[in-house]
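The values are calculated or read from the model by the stated rules, or taken from the named source; none is laboratory data. The structure presented is a predicted model; accordingly, all values stated were derived computationally and were not measured. When we count neighbours, we look across all protein chains shown, and the Cβ atoms used for this are built from the backbone with ideal geometry, even at glycine.
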Amino acid sequence: MSAPLIVLVGPMGSGKSTVGELLAHRLGVAFRDTDADIVAAQGREISDIFVEDGEDHFRDLERAAVRSAVAEHTGVLALGGGAILDGGTRELLTGLPVAYLSMDVEEAVKRVGLNTARPLLAVNPRRQWRELMDARRPLYTEVARVVVATDDRTPEEVAQAVLDALELKDA
Ligand code: S3P
């Protein structure tokens with residue numbers, strides 16, 4: 001059975017795409033991102049899907065995107081920050097080499113607090129973040145094989161830490 005070499009989960013802004021690209025380059029494999037898959041399939045931005053059809057519909061699209069990606073992709077795969085909220089999506093990750101990129105609240109506010117393209121943090125970012133992470137932290141931990149802290153680390157350092165934690169070597 002084919003499966004991704006690494007699956008990255010973690011909150012928005014934790015560096016899943018940047019670190020994922022670096023990891024793919026180092027391992028000599030392709031990078032794939034389910035957010036990008038959804039945007040390409042839908043022909044509209046994720047913020048528009050949230051506004052037009054609601055979060056539940058987005059999570060359905062996301063579960064389908066994760067299902068296809070884990071079945072087809074053998075490189076590095078990054079999931080959207082909220083993908084783990086869906087029980088069906090979490091099930092799809094069972095047994096896979098999932099790395100959770102964690103980040104503390106101050107780092108999060110610094111990185112994504114004022115980014116309006118991220119609809120979940122538009123108002124009162126610090127409190128929103130705490131609430132969001134209280135709900136999500138146990139779910140990230142549940143699906144993760146390894147947890148890698150990203151605070152005060154460069155993307156290169158995080159990528160190295162992921163390789164070390166999963167005991168993977170460069171191509
Ligand atoms: C979301 C995170 C986003 C995107 C959508 C919802 C979330 O992905 O899937 O805006 O619920 O945390 P990134 O983590 O890639 O920003």
(request) Go through region 39-60 and give me each residue that's within 18 Å of ARG111 (Cβ to Cβ) and surrounded by fewer than 19 Cβ atoms within 10 Å (Cβ to Cβ). (result) SER47
(request) State all residues of region 1-11 that are buried (at least 22 other Cβ atoms within 10 Å of the Cβ) and not in a strand (DSSP E or B); if no residue qualifies, say none. (result) PRO4, GLY10, PRO11
(message) Looking for something within 11 Å of the ligand (Cβ to nearest atom), over 16 Å from the mean Cα position of the chain (by Cα) and β-branched (Val, Ile, Thr) - is there at least one such residue anywhere in region 30-48?
(response) no
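Hey, which of the helices (runs of 4 or more DSSP H) in region 24-130, taking only ones fully inside, have at least 1 residues that are of a type outside the set (S, T, N, Q) and farther than 30 Å from LEU168 by Cβ?
Answer list for region 24-130: 46-53, 55-72, 105-112.
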(request) Test SER14 against the stated conditions and say whether it is polar (S, T, N, Q), under 16 Å from the mean Cα position of the chain (by Cα) and within 11 Å of the ligand (Cβ to nearest atom). (result) yes
(request) Please tell me if ALA36 is surrounded by 20 or more Cβ atoms within 10 Å (Cβ to Cβ) and modelled with pLDDT of 95 or more. (result) no
(message) Looking only at region 67-79, filter to residues that are under 15 Å from the mean Cα position of the chain (by Cα) and surrounded by fewer than 24 Cβ atoms within 10 Å (Cβ to Cβ); which one of those is nearest to LEU166 (Cα to Cα)?
(response) GLY75
(message) Against the conditions (1) over 18 Å from SER17 (Cβ atoms); (2) free of Cβ contacts under 8 Å to residues at least 60 places away in the same chain; (3) among the small types (Gly, Ala, Ser), where does ALA171 fall short? Just the number, please.
(response) (2)
(message) Kindly evaluate ALA64 against the criterion of being away from the ligand (no atom under 14 Å from the Cβ) and not charged (D, E, K, R).
(response) no
(request) Name the residue, out of VAL105, VAL98, VAL146, that is more than 23 Å from ARG59 (Cβ to Cβ) and either buried (at least 20 other Cβ atoms within 10 Å of the Cβ) or at pLDDT below 95 (or both). (result) VAL105
(request) From (1) at pLDDT below 95; (2) under 14 Å from the mean Cα position of the chain (by Cα); (3) more than 9 Å from the ligand (Cβ to nearest atom), pick out the condition that doesn't hold for ARG118. (result) (3)
(message) Can you confirm whether ASP86 is buried (at least 16 other Cβ atoms within 10 Å of the Cβ) and in contact (Cβ under 8 Å) with a residue 40 or more places away in the chain?
(response) no
(message) Among the numbered criteria (1) within 15 Å of the ligand (Cβ to nearest atom); (2) within 27 Å of GLU157 (Cβ to Cβ), which one does LEU96 miss?
(response) (1)
(message) Please verify whether SER68 is more than 17 Å from THR150 (Cα to Cα), modelled with pLDDT under 95 and hydroxyl-bearing (Ser, Thr, Tyr), treating the condition exactly as stated.
(response) no
